[in-house]
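What follows is a set of notes on a single structure, which appears directly below.
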Amino acid sequence: MAERPESQEICFIPDNNYVGFLEKHMPEAFSPGTIVDAEGHIVGEHGGILRFTIGQRRGLGIAAPHPLYVLEIRTLDHTVVVGENSSLYQARLRAKFLNWISQPLLDKPHELEAKIRYKHKETPSSVSPCKADCVTVDFQKPQRAITPGQSVVFYAGDVVVGGGIIDEVIP
């Protein structure tokens, strides 16, 4: 067993057909919707928001004079917002559902490193409490494709301090 490569897939999905699994178990997520540009102009239609991820470029089904990327997914009205790659970079987020591991709850801002994706590098950040079970994270350098619903993890050197779920990207 130890010689087997680490699995990066969801083991209970037959044939790794994620879309088929989700269509069967969450048909409401495949309601059609519109694709709009950053100014709100309709540039296309889609067959379900679960077909998209923040930062995605391929498979949008839109002809444009320059590459377009998914900037935002609006779940309430099934709208996907697209724009230029440069618009994916943001420097601030709010996180909830916090779990502090090596320190008590934050009562004042702390200078920590934060990481928003498995393969991203930790980035120097200011992490500040905003209310109960909520922090704002201000990155020293803007991060690409901060995604609500994903995790943010906080480090002090090599020590995991805690983490939470990204609730909102703050422009």
> Just checking, how many residues over segment 42-72 are touching a residue at least 12 places away in the same chain (Cβ under 8 Å), part of a strand (DSSP E or B) and farther than 20 Å from residue 20 by Cβ?
Replying inline: 7
>> I'm trying to understand the selection: among the residues of segment 131-171, which are within 16 Å of residue 90 (Cα to Cα) and acidic (Asp, Glu)?
In response: 138, 167, 168
> Would a scan of segment 14-26 turn up a residue that is surrounded by 15 or more Cβ atoms within 10 Å (Cβ to Cβ), more than 24 Å from residue 165 (Cα to Cα) and not assigned by TED's automatic domain parsing to the domain that holds residue 149?
Replying inline: yes
> Given the structure, is residue 106 at pLDDT 95 or above, hydrophobic (A, V, I, L, M, F, W, C), surrounded by 13 or more Cβ atoms within 10 Å (Cβ to Cβ) and over 18 Å from the mean Cα position of the chain (by Cα)?
Replying inline: no
>> Here is a list: 147, 75, 123. Which entry is within 30 Å of residue 50 (Cβ to Cβ), more than 14 Å from the chain's Cα centre (by Cα) and of a type in the set (S, T, N, Q)?
In response: 123
> Would you call residue 89 at pLDDT below 90, within 13 Å of the chain's Cα centre (by Cα) and not acidic (Asp, Glu)?
Replying inline: no
>> Being more than 16 Å from the chain's Cα centre (by Cα) and at pLDDT 85 or above is true for just one of 19, 36, 82. Which residue is that?
In response: 36
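The values are calculated or read from the model by the stated rules, or taken from the named source; none is laboratory data. Here the structure is a predicted model, which is why all the values come from computation and not from measurement. Don't worry about glycine lacking a Cβ; one is built from the backbone with ideal geometry, like all the others, and counts go over all protein chains shown.
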